[in-house]
Amino acid sequence: MGEPLTFGPIRVDLDTHTVLRPDATVRLTSIEARLLAWLVANPSRTVGAPELLREVWGYRPGIASRTVKTTVHRLREKLEMNPAEPIYLRTVFGAGYRLERAPPEGPGLVGRGDDVARVEAALGRGAWVTLVGPAGVGKTTLARAVAQRANAAVFVPLAHVTRASDALDAVRAALGLDVAPTPTAIRAAIERPSLVVLDNLEQLDAGALAGLADLAGPPLEVLATSRRPTGVPAERTIAVDVLGPTSAERLFRMRADAARPGWDDGRPLSALLLALDHLPLAIELAAGRLTVLGLEALESRLHERLDLLRRPGADPRVSVLEEAIRWSWQLLQPDARVALAQLCVFEGGFDVGAAEAVVRLPGGTAVIDVVEGLHRDSLLLRTPGSPGVRFDLYESVRVFAAARLADPGPVRMRHAQWVAAQLESRSDLLLGNLRAVVTRESSNPSLPPELHARLVGALERRVRGDEPRASAARLEAALARPLPDALRAELLTLRGDVHRQLMEMDDAMRCLDEAVRIGAGDASVCANALVDRALTQTSRGAIDAALADAEAAGALARGAGAWRTLARAHIQRAGALRHRGRTDTGPLYEAAAQAARAANDDEILALALCNHGGVEAENLRLDRAVPRRAARPGRRPGMPTSSSAWIARKARCA
C-alpha cells in the first residue's frame, strides 16, 4: 500500500480512493484516482490534455474531448480548500495542468512557499495581481521567484519611473518588442501567454496607473509590487506579511552561516528576531553584521538599528533599512507624516479611538482617514485585538518616524493622559503603553507629580513581583516628588511589597508603617496598607501582629466597600491562623471568595478558592476540596499547579 498523499490539511489514500478533508470525507471516482496518480507520477511538470487523454483515458492520438477539463474541475473540488484559487492542481493556460505536491520555495526564498502558490493561483488569463506590503518584507524577491517559475516572464524595475509612458516604454523594451509603447500595441505583439512583473509602483499617481491598467489582458498577465494597492480595475491584491518565527530563524541562520561560519554561541534568537519585526530585510542586514560583531554585541546595538542595519556598497533603497523606510515616508502626504510621527508614542498597540485622543492634525483632517491610509500604505500593521481592530508600528518605522516628531512634549502629554484615562479598563492595549509612559516620563518635570504617581502605581500593581529592582527605582522616583497623603500611602504600600520580595523585611515594615500612618484619612488606602503589613508580619513570624492588622484591615475595607481589599484581608487572616496550625479557616476563605466575586476580581477569587481547597484537603474533606479547586477561574502568576494533582491523588486513595 502507498503512503497517503497530503495537500495542506487534506489527505488522500489512492488505494481506497478516500479523501479526508477537514470539513468532510469524500471519495474519488476511478477516473479521478487514475488522473491523480498520473499527475503524482509527474510532479511539477505541465501535462497537456492530449497526454492525459492517451495515458489516463486510453484514447487514440488525435481525439479531442472536454472530459479532461471536467474531471480536473471535479478533482479540484476534492483536493483544494478553495477550488477557485487552486494551490496544488494548477492550470497552465494554453499548455495543460501541473500538480504541486508541496508549496514551491526556490533557493534563498525562505518561508514563502505558500505565498508563491497563492500568487500563482491568483494569476490567470489577463490578470493583474499586486503584492502589497511594507518596506523590506520581500515583495520583489517573491515576485522574482514567481517570474522564474513562469513559462515566459520579464522583470521590469520601475522604482525611478513616475510617468505611464516611461513605464510602458520599459515594458516594451523588456519584452524586446519594436512597437508603439501602448498597452494595446504591446499585447497585440505578444505571441504566447506571458507574465510581466512591474516592480515598485507606489510612486505612480492614479493617472499614471490608469495608463498601465490595460496592460493586463490576454495574453499578458501583470504581477505588480507596491506598498499600497494600485487601484486598477479588477486588481487582485495579495498581502505579503513578515515571516513567521520558524522561517525568520531559518533565514537568519542561513545568512549568518554565509557571513561568518561558527557564529552560533547557542544563544536563543527569538528575542532578537522579534526586535527585528521578523522583517526579511532587517534579518538579512543584521545577520550580515556578524562578520564584525558577535551575537551579544549585535543584540546590544539594536537601539542604533537604523545605522546598524545597512549593507555598504549596495543599492541604498534595498540594502539600507533606513532608506527603504525613507522611500515610503517621502510618498506620504504631509498630514500622514504628521500622524505617523505622533503615533510613535504608542507602544503595545492602539485603536482608532486612542489615535483620535492623541493625534492632532492641521486643517481638521479626520484621524480615522489618516490611520486607514497609513495601514493601506503598509506603514501600520493590524494586529489581533479585543475588542475591535488594533494597530501597531514596525519597530524600525517607529524609530524613523519618532526622529521626525517636531514637538514631542504635547503629544507625549496627551498620550500620558489617555493612558491615565484607561487605568480602570482591562484593555490589552494598556500595559505596553503604560510601561512606555512611565519609562519615558519618569524624569520629565512637566508631568504633574500626581499623574506620574498614578501611572507608576498602576504599572506596579500590574507587574507586581516581576522585576523588583526596576520597580524599586520607579517607586523611589515617584515618591521623591510632592504628593497627597493618600497617593503617597499607596506608593509606600507598593514599595513595602517590593522590599518584602527582596527579603528586606525591616525596610518593608518602615514603608508599611508610614503608609498606615499617613493613609489613615482614607479607609480603603489604609486597609490596603494593613493587609500588606499583615503579610509581612506573617513572613517575619509575628502572627499576633499579623492577625491584628488583618482584622483591622477587614473592618476598614468592609466599611469602605473595598471588596478586593476585604477579600485579601480574609485570606491574610486565614493564612496567619494556619501558621498556628488552625484548620478551621474554611469560612474565611469562603468569605474571601464572596468578596472577590463582589469585586469582580478573578485573580483574588482564584487565590481564595485554591487556598480553601487546600484546607479541605488537609482535613481530608476531598469531596469538597476537588470541586473547589476545579472552580478556580484562573491562576495567578507563580501560583502552584501541583496542589490540584495532590488533592486528586488523595481522593483516589481515600
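Could you compute the FRET efficiency for Asp407 and Thr46, with r as their C-beta to C-beta distance and R0 at 51 Å, rounded to 0.05?
On the way: r = 61 Å, r/R0 = 1.19.
For R0 = 51 Å, the calculated efficiency reads 0.25.
Using a 1.4 angstrom probe on the protein heavy atoms only, line up Ser443, Ser226, Ser425, Ser165 by accessible area, largest first. Kindly include the intermediate steps, with their values, before the conclusion.
Numbers: Ser443 105, Ser226 0, Ser425 40, Ser165 65 Å².
Largest accessible area first, the residues go Ser443, Ser165, Ser425, Ser226.
Given +1 on the Cβ of Lys and Arg, -1 on the Cβ of Asp and Glu, and no further charges, what dipole in debye does the chain carry about its Cα centre, rounded to the nearest 20?
On the way: 84 positive and 78 negative charges, 296 e Å.
Around 1420 debye, computed over the chain.
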Computed magnitude of the charge dipole of segment 447-564 (debye, nearest 20; Cβ of K, R +1, Cβ of D, E -1): 300 debye
Could you give each residue of segment 556-568 its phi-based ³J(HN,Hα) in whole Hz, using Karplus coefficients 6.51, -1.76, 1.60 with θ = phi - 60°, and x for Gly or Pro? 5, 5, 5, x, 8, x, 8, 5, 5, 5, 4, 4, 5
Using Stokes-Einstein with the Kirkwood hydrodynamic radius over Cα pairs, what translational diffusion coefficient do you get for segment 462-566 at 10 °C and a viscosity of 1.306 mPa s, in µm²/s rounded to a whole number? 117 µm²/s
Within the chain, what's the longest stretch lacking GluC sites (Glu not before Pro) that sit in DSSP loops with no more than 13 other Cβ atoms inside 10 Å? 192-423
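Extension gain Asp265-Arg236, at 0.36 nm per residue separation less the Cα-Cα distance, in nm? Mind showing how you got there, number by number?
Working: separation 29, 0.36 × 29 = 10.44 nm, distance 4.46 nm.
Gain in length upon complete extension: 6.0 nm.
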For semi-axes √(5λ) of the Cα gyration tensor in Å, several values are listed as (1) 61, 35, 21; (2) 45, 33, 28; (3) 51, 41, 28; flag the one computed from this structure. (1)
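Expressed in nm to one decimal, what extension gain is obtained for the pair Glu85 and Asp23 from 0.36 nm per residue of sequence separation less their Cα-Cα distance?
Extra length from Glu85 to Asp23 when fully extended: 20.5 nm.
At 1.4 Å probe size, with the rest of the protein present, what percent of the exposed accessible area of the chain is carbon and sulfur atoms? Mind showing how you got there, number by number?
Numbers: 15380 of 29940 Å².
Result for the chain: 51 percent of the exposed heavy-atom area is carbon or sulfur.
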For segment 557-604, Kirkwood radius (reciprocal of mean inverse C-alpha pair distance, Å): 10.6 Å
Can you give the local net charge around Met81? Use residues other than it whose beta-carbon is closer than 10 angstrom to its beta-carbon, Lys and Arg +1, Asp and Glu -1. -2
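May I ask you to derive the FRET efficiency for Met254 and Gln148 from their Cβ-Cβ distance with R0 = 25 Å, giving the value to the nearest 0.05?
Once the sixth-power term is evaluated, E becomes 0.85.
Using Cα pairs closer than 8 Å and at least 6 residues apart in sequence, work out the relative contact order for the chain, in percent. Each step should come with its number before you reach the end.
On the way: 1007 pairs, mean separation 39.9, N = 654.
Value for the chain: 6 percent.
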Listed residue (Ala606, Ala546, Gly432) projecting farthest to the positive dipole end of the chain, Cβ model: Ala606
At q = 0.09, 0.16, 0.18 1/Å the base-10 log of I(q)/I(0) from the Debye formula over the alpha-carbon atoms of segment 1-154 is -0.32, -0.94, -1.14
Computed over segment 345-416, Cα set: Rg, Dmax in Å: 12.0, 33
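If you count only protein heavy atoms with a 1.4 Å probe, what accessible area per residue comes out for segment 3-44, rounded to a whole Å²?
Values: 2170 Å² over 42 residues.
I get 52 Å² per residue for this part.
The values are calculated or read from the model by the stated rules, or taken from the named source; none is laboratory data. Bear in mind the structure is a predicted one, so any value in this text is a computation, not a measurement. A quick note on method: Cβ atoms are made from the backbone with ideal geometry, for glycine too, and the neighbour counts reach across all protein chains shown. Ligands, DNA and RNA are stripped out before the accessible areas are found, and what is left, the full protein with its side chains, is counted by its heavy atoms. Shrake-Rupley method; radii C 1.70, N 1.55, O 1.52, S 1.80 Å.
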